[in-house]
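Following: one structure in structure tokens, then a few remarks.
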Amino acid sequence: MEINKKYAKWGIGILLSPVALFIVLTLLLYIPAVQKWAVDLATEYASDHTGLDIRIDRVRLAFPLDLSVGGVNVVQQNDSMPQVKDTVANVHDIAVSVQLMPLFKGQVNIDRLDLNKVKMNTTNFIHEARVKGTVGQLSLRSHGIDLHKQSLRVDEARLADARVSVELSDTVKKDTTKTKNLWKIAVDRLDIANTDVTVHMPGDTLRVQAMLDKASARHGLFDLGKEEYSLKSFDWQGGFVKYDNRFEPRLKGLDTNHILLSDVNLAIDSMFYHAPRLDLAMRQLAFREKSGISVTRLNGHIALDSTRVILPKLSLSTPESSLTAAVTLDMNAFSDKNPGKLQASIDASIGKQDIMRFMGGMPTEFIRRWPNQPLSIKGSMRGNIRRID
């Protein structure tokens, strides 16, 4: 009987030893010296297997999963100049706090994730584009990341003091692989401050730049499987939008190849997109264009798909003019074969100053004699390229 008890104790000890070893190793990770040793070992392994030079200055792990990382630097050899190294990522500090127990159920709850003073460059990792720039601050809280259901909910996120450049490539072969992304991403709140994004088209022929002084989005839902995207609201206050066709000369007045909209204020009450359908309820749009054109208010509902554009009621105001219009336009209304229909009504009062902005090439005497009174337009039309009433 005593022998059986001794064997039983040995058996229990053997069974529990891996558990005890795991607990001991886990506890050791909270000792600063062990943390440094583990980080050095991990970065050396990652550097050897990725070809990148990875360095981390300091790491601190507190119970249960409060991690602080400082001085992250990742560089790689330049592919064309052997004497030059490109910085892939440089992060001043990272702080993350993750709930422990939900991890055992395949769920991730992030109480805190902060990245400060980030420098990034995707170099040749993404064939379609190169993304580079700096981010002053990126922070988020997320409760509801389910790895099994492929769903992610972001409670709130903030992006500030970012300068990002996206350079698109024209030498990428079309990806014909059939990979289905089924993730559903919900974003309850996103705030953006002092952020600049520039997109360079292939060959740098076109540049589109947007500067957001202050912007916010609420209740976004992005279903990557169905390719459906929606927002409950979006507000943008202050900033500019710049569009440049770099191979076209600059002209006086309104130059459609070189547009600069400043003092932008945009408010969207709802947005839904599922190709080719777009529904947009715009409460307010205001801006000033470098040519002198100023829009104090533009609002209305926009609905379009591959066959039709519908503007039930569009209102436009400038310091000199006002306009309301309702338009229904078939995309093929101007086709030679089986054209669709155009139906529109308009009620406008257009001031002299707005008219003259589009008549810069007219003789001075013509401009002087134009009456200093608004031009009133009321009318409706219906038809297509063959006949309009």
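The values are calculated or read from the model by the stated rules, or taken from the named source; none is laboratory data. For clarity, every value in this text was computed on a predicted model and none was experimentally measured. Using ideal geometry, Cβ is built from the backbone for each residue, glycine included, and neighbour counts are taken over all protein chains shown. Heavy atoms of the whole protein, side chains included, go into the accessibility calculation; ligands, DNA and RNA do not. Shrake-Rupley method; radii C 1.70, N 1.55, O 1.52, S 1.80 Å.
Observations
- The distance between label points at Arg387 and Val96 comes to 6.8 nm (points 7 Å beyond Cα on the Cα→Cβ vector).
- Diffusion constant of segment 65-203 at 37 °C, which comes from Stokes-Einstein with the Kirkwood Cα-pair radius and 0.692 mPa s, µm²/s: 188 µm²/s
- When the surface is traced with a 1.4 Å probe over the full set of protein chains, Thr198 keeps roughly 20 Å² accessible.
- Amide hydrogen proximity for Gly340: with H placed 1.01 Å from N in the peptide plane, the residues at 5 or more positions away or on another chain lying under 5 Å are Asn332, Ala333, Phe334, Ser335.
- For the pair Ile310 and Gln284, a Förster radius of 25 Å applied to the C-beta separation gives a FRET efficiency near 0.80, rounded to the nearest 0.05.
- Its Cα gyration tensor gives segment 193-343 an equivalent ellipsoid; the semi-axes, largest first and in whole Å, are 25, 22, 20.
- Under the simplified labelling scheme, the His274-Lys232 pair shows an inter-label distance of 2.0 nm, with each label point 7 Å from Cα along Cα→Cβ.
- Relative packing of peptides 102-113, 276-287 - highest average C-beta neighbours within 10 Å first: 276-287, 102-113
- Size of charge dipole - the chain - debye, nearest 20, with Cβ of Lys, Arg +1 and Asp, Glu -1, no other charges: 740 debye
- Checking the cross-link pairs Lys313/Lys378; Lys184/Lys232; Lys132/Lys242; Lys214/Lys352; Lys85/Lys119 against a 23 Å limit on the alpha carbon distance flags Lys214/Lys352 as lying beyond it.
- Label-point gap, in nm, between Ser169 and Glu248 - each point 7 angstrom along Cα→Cβ: 2.9 nm
- The Kirkwood hydrodynamic radius of the chain, based on inverse pair distances between different Cα atoms, is 26.7 Å.
- For segment 148-163 and segment 96-141, distance of Cα centres in Å: 9 Å
- Rounded to 10°, Cα long-axis angle of helix 2-28 versus longest principal axis of the chain: 40 degrees
- Average 1/r across all pairs of distinct alpha carbons in segment 269-322, invert it, and you get the Kirkwood radius: 12.4 Å.
- Distant-in-sequence amide H partners of Glu228 (H built 1.01 Å from N, under 5 Å): Asp223
- Only helices enter this figure: runs of n ≥ 4 DSSP H residues, each worth -39500 (n - 2.57), summed and divided by the residues of the chain, yield -4500 deg cm²/dmol at 222 nm to the nearest 500.
- Extents of segment 333-389, largest first, come to 45, 24, 14 Å (Cα atoms, principal axes, whole angstrom).
- Taking the accessible area of the chain, probe 1.4 Å, and keeping the other protein chains in place, the carbon and sulfur fraction comes to 60%.
- Fully extended contour minus Cα-Cα distance, from Asp57 to Asn257, at 0.36 nm per residue: 67.2 nm
- Averaged over its residues, the chain has an accessible area of 65 Å² per residue, based on protein heavy atoms and a 1.4 Å probe.
- Computed from Cα atoms, the angle from the helix 32-50 axis to the main principal axis of the chain rounds to 60 degrees.
- Beta bridges assigned by DSSP with both partners in the chain are antiparallel in approximately 90 percent of cases.
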